[in-house]
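Bear in mind these aren't lab numbers, they're just calculated from the coordinates by the rules spelled out. Small disclaimer: the values here were computed from a predicted structure and weren't measured. So basically every Cβ, Gly included, is an ideal-geometry build from the backbone, and we count neighbours across all protein chains shown.
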């Protein structure tokens, strides 16, 4: 349900951030290192990178933690429980078998791999514009 609410907006945000990161790097290249504008643009670039990193990092963390739910259920002291409760745990393990992996627009996973892909595409566009 969360993906249906934020999915389309997040995919647009990812593409816009890739473009903004590229344009900011393009602007920084032409500035003097000792200028106030360089510092301002460098801080802005850092904020854009941090914002994108937060989305991707916590998407990865959610996936990793959701993969550990089955292990946690199995490692509990389930042998001492009633047969009825054991069956309920088995059903719960089947529901938790697929990890939760948030995606943008149901396609692009919010993960650190996506973060690297956005940075690579930004850099590719930057090198294309810089020639």
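For the chain, what does the relative contact order come out to in percent, with C-alpha contacts under 8 Å and a separation of six or more? Don't jump to the answer; show the numbers that get you there.
Working: 111 pairs, mean separation 55.1, N = 131.
RCO, the chain: 42 percent.
Viscosity 1.306 mPa s, temperature 10 °C: give me the Stokes-Einstein translational D for segment 4-44 in µm²/s, with Rh taken as the Kirkwood radius over C-alpha pairs. The calculation lands on 138 µm²/s.
Provide the gained length on full extension for the span residue 19 to residue 57, in nm with one decimal, where the gain is 0.36 nm per separating residue minus the Cα-Cα distance.
11.7 nm
For the chain, the 222 nm mean residue ellipticity estimated from helices alone, with every DSSP H stretch of n ≥ 4 adding -39500 (n - 2.57) and the total spread over all residues, rounds to -27000 deg cm²/dmol. Rounded to the nearest 0.05, the FRET efficiency derived from the C-beta distance between residue 121 and residue 67 at R0 = 25 Å is 0.35. Shown is the FRET efficiency for residue 11 and residue 130, computed with R0 = 25 Å from the Cβ-Cβ distance and rounded to the nearest 0.05: 0.40.
Could you tell me whether segment 24-94 comes out rounded, prolate or oblate from its Cα gyration tensor? Rule is a ≥ b ≥ c as square roots of the eigenvalues, rounded for a/c under 1.5, then prolate if a/b exceeds b/c, otherwise oblate. Prolate, because a/c is 1.5 or more and a/b exceeds b/c.
Two numbers describe the Cα atoms of segment 2-130: Rg and Dmax, which are 21.4, 72 Å.
When the chain is treated as a Gaussian network with alpha carbon springs shorter than 10 Å, the biggest mean-square fluctuation among 115, 57, 44 belongs to 44.
Between residue 113 and residue 91, the C-beta separation translates, for a Förster distance of 30 Å, into a calculated FRET efficiency of about 0.40.
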